[in-house]
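Asker: One structure, pasted below without further comment.
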Amino acid sequence: MFVWLWIAVWSAFVLPLSIASLRGWAPKRVRNRTSPWGIRVRGVAMLVMWTGGMIAPLLHWTSLNGDDTLFLATVIQVGLLMLAIGLIGGSQLGDRFHRRTMRTERPTTPTAVCGASNEPSGDF
């Protein structure tokens, strides 16, 4: 019973969020801080987490309950979780570096002063 409940709740919670992120949808406060590619990368990370969350229930459902299977499931889940953490961390670092370069590359053109012109006055 718990296996079916876990699969249903985990899928109902994570899949819509990850699909929305893959399509580029996010709340306004997230869109202000994150680039569109960063939102999509986080959607991929959520799909990786969803896959990791499905490993144990599906192995339990297939009645593969040996010690070797349990060890393999644990290694796969930890590996997928580390991959998702790496994707999210990489997208955050990319956004931070992008914001930093955009701040330092501001245009440095001087503004026009009132009454001043760049044309010669003619009084030599």
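Asker: So, in segment 89-101, how many residues would count as being touching a residue at least 24 places away in the same chain (Cβ under 8 Å) and open to solvent by less than 50 Å² (accessible area, probe 1.4 Å)? Outline the logic, then answer.
Answerer: Restricting attention to segment 89-101, the residues satisfying the condition of being touching a residue at least 24 places away in the same chain (Cβ under 8 Å) are 90-92, 94-95, 98.
Those still in the list that are open to solvent by less than 50 Å² (accessible area, probe 1.4 Å) too: 90-91, 94-95.
Residues flagged as touching a residue at least 24 places away in the same chain (Cβ under 8 Å) and open to solvent by less than 50 Å² (accessible area, probe 1.4 Å) within segment 89-101 amount to 4.
Asker: For segment 24-57, what are the residues that are farther than 30 Å from F97 by Cβ and free of Cβ contacts under 8 Å to residues at least 40 places away in the same chain? It would help to see each step written out before you state the result.
Answerer: The first filter runs over segment 24-57 and keeps only residues farther than 30 Å from F97 by Cβ, leaving 53-57.
Correct list: I55, A56.
Asker: Then there is this: Taking T69, is it over 22 Å from A26 (Cα atoms), polar (S, T, N, Q) and in contact with a helix residue (DSSP H, G or I) (Cβ under 7 Å, 6 or more places away or on another chain)?
Answerer: Details: over 22 Å from A26 (Cα atoms): yes; polar (S, T, N, Q): yes; in contact with a helix residue (DSSP H, G or I) (Cβ under 7 Å, 6 or more places away or on another chain): yes.
Yes.
Asker: So which of M54, M49 is open to solvent by 30 Å² or more (accessible area, probe 1.4 Å), part of a helix (DSSP H, G or I) and at negative phi? Show your work before the answer.
Answerer: Working: M54 fails: open to solvent by 30 Å² or more (accessible area, probe 1.4 Å).
It is M49.
Asker: Would you check which residues across segment 57-86 are open to solvent by 60 Å² or more (accessible area, probe 1.4 Å) and either aromatic (F, W, Y) or assigned to a loop (DSSP other than H, G, I, E, B) (or both) and list them?
Answerer: W61, T62, S63, L64, N65, F71, listed by residue number.
Asker: In the set P120, P57, P107, which member is under 31 Å from the mean Cα position of the chain (by Cα) and modelled with pLDDT under 75?
Answerer: Details: P120 fails: under 31 Å from the mean Cα position of the chain (by Cα); P57 fails: modelled with pLDDT under 75.
When all the criteria are applied, what remains is P107.
Asker: Of all the residues that make up segment 1-40, how many are open to solvent by 40 Å² or more (accessible area, probe 1.4 Å) and part of a helix (DSSP H, G or I)?
Answerer: The first filter runs over segment 1-40 and keeps only residues open to solvent by 40 Å² or more (accessible area, probe 1.4 Å), leaving 1-2, 4-6, 8-10, 12-13, 15-17, 19, 22-23, 25, 27-29, 31-33, 36-37, 40.
Filter once more, so that each one left must be part of a helix (DSSP H, G or I): 2, 4-6, 8-10, 12-13, 15-17, 19, 22, 28-29, 31-33, 36-37, 40.
Final tally of qualifying residues: 22.
Asker: Hey, another quick one. Considering (1) modelled with pLDDT of 85 or more; (2) over 18 Å from F13 (Cα atoms), say which one M49 fails and leave the rest.
Answerer: (2)
The values are calculated or read from the model by the stated rules, or taken from the named source; none is laboratory data. Owing to the predicted nature of the structure, the values given are computational and were not obtained by experimental measurement. With ideal geometry, Cβ positions are generated from the backbone for all residues, glycine too; neighbour counts draw on all protein chains shown. Ligands, DNA and RNA are excluded from the accessible area calculation, which covers all protein heavy atoms including side chains. Shrake-Rupley method; radii C 1.70, N 1.55, O 1.52, S 1.80 Å.
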